[in-house]
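Asks: Mind looking over this structure? Questions follow.
Each reported figure results from applying straightforward, stated rules to the coordinates on display, with no laboratory input. Quick caveat, the model's predicted, so the values are computed rather than measured. Cβ sites come from the backbone with ideal geometry, for glycine too, and all protein chains shown count toward neighbours.
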Amino acid sequence: MERKLKLGLPKGSLQEATFALFQKAGYAFRMSSGRSYHPSTDDPELEPLLIRPQEIPRYIEQGILDVGLTGKDWIEDNGVQVVEVAELGYSKATHNPIRVVLAAMNGSDIHSARDLEGKRIATEYVRLTERYLAQHGVQAAVEFSWGACEVKVPDLADAIVVNTETGSSLRAHNLKIVDTLLTSTTRLVANAQAWEDAWKRARIENLAMLLQGALNAEQMVGLKMNVERARLEAVMALLPALKTPTVSPLFSPEWVAIEIIVAESTVRDLLPNLKRAGAEGIVEYPLNKVIY
């Protein structure tokens, strides 16, 4: 019987970034409609399911899913036992981690966890918030909110616990960050039994390697150039290469070709200096995967 790896993909704000990352890693997903929860894929051994990232850790722990992508915040909120295979540093807008924060209205009397005594807190992170309050010895009412917590302060709640990537939504609603409960990144996590299965573990490890390789490549570019041997030392001194640059002889014995991988952020300063040092025929090209 054909084996399948049941893969949970995050539906919602992280969906587009996740599909793009998988595309770079070599896996194509297609949606038949906006309401579908079963993307089609070009890998016959994958059985993807699109589901809210809040629920993915629980379904993985229960074995309904073998592996999936979700945030460290939702793993902590669910309090589940799963195998964390890889940390994947991407989010919906940037490559920065998100923060789960306690926020209150600017000008309010809430300046720390102690000031929450007897207050009302709206959040999607009910269990995480309750544990946070218990750690600080504070009694407060915690109510579940279906997102959009920012609009509830101050009329419906005194404070909120939400995730933020840039803080722009909090600022737009005149809210201040009082405390950070945790910093979270996207994780590839697996069911414990699936991880012990040799076939599934190999597929999961392949996924982790290719996804991490795709993320590595997003910040890197390749450079090719030709250099006269007499000027090779000056050019090589400029190269912030990944390990050692590749140097290959050309048909003319007086010339060599150099190929390197560099951080994309360095290229705008590096290329003019390479040209002045004697590099010619410089070509910059994008990368799909960089696997260390």
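Asks: Can you give the net charge of the other residues whose Cβ lies under 10 Å from the Cβ of N78, counting K and R as +1 and D and E as -1?
Replies: -3
Asks: When the helices in the chain are scored as -39500 (n - 2.57) per DSSP H run of 4 or longer and the sum is shared across all residues, what 222 nm value do you end up with, to the nearest 500 deg cm²/dmol?
Replies: -8000 deg cm²/dmol
Asks: If you don't mind, there's one more thing I want to ask. In a Debye calculation with equal point scatterers on the alpha-carbon sites of segment 98-182 and no solvent, what is log10 I(q)/I(0) at q = 0.16 Å⁻¹?
Replies: Results for segment 98-182 at q = 0.16 Å⁻¹ read -0.50.
Asks: Taking other Cβ within 10 Å of each residue's Cβ, how do I291, I177, I51, I75 sort, fewest first?
Replies: Fewest-to-most ranking of I291, I177, I51, I75: I291, I177, I51, I75.
Asks: Something else about it: Taking other Cβ within 10 Å of each residue's Cβ, how do F29, F251, F144 sort, fewest first?
Replies: F251, F144, F29
Asks: Among all the lysines, which ones have a C-alpha under 25 Å from K176's C-alpha, if same-chain residues fewer than 8 places away are not counted?
Replies: The qualifying lysines are K72, K92, K119, K152.
Asks: Still on this structure, please answer the following. Within 15 Å, Cβ to Cβ, of Q139, how many net charges do the neighbouring residues add up to if Lys/Arg are +1 and Asp/Glu are -1?
Replies: -1
Asks: Sticking with this structure for a sec: Report P(r) for segment 3-93: all Cα-Cα distances, bin width 10 Å, range 0 to the bin holding the largest distance, values in whole percent.
Replies: Taking all Cα pairs of segment 3-93, the binned fractions are 16, 53, 29, 2 percent.
Asks: Find the Rg to Rh ratio for segment 219-286, where Rh is the Kirkwood radius over alpha-carbon pairs and Rg uses the same atoms.
Replies: Using Cα coordinates only, the ratio equals 0.93.
Asks: Could you calculate the FRET efficiency of R30 with I64 from 1/(1 + (r/R0)^6), where r is the beta carbon distance between them and R0 is 22 Å, rounded to 0.05?
Replies: 0.45
Asks: Return Y59, Y132, Y285, Y125 ranked ascending by Cβ neighbour count within 10 Å, so the fewest neighbours appear first.
Replies: Least to most surrounded, the residues fall as Y285, Y59, Y132, Y125.
Asks: Once label points are set 7 Å from the Cα along Cα→Cβ at both K275 and N288, what is their separation, rounded to one decimal in nm?
Replies: Label-label distance for K275 and N288, simple model: 3.1 nm.
Asks: Next question, about the same structure. At q = 0.08, 0.09, 0.10 Å⁻¹, what log₁₀ I(q)/I(0) does the chain have when each alpha carbon counts as one equal point scatterer in the Debye sum?
Replies: With one equal scatterer per Cα and no solvent, log10 I(q)/I(0) is -0.50, -0.61, -0.71.
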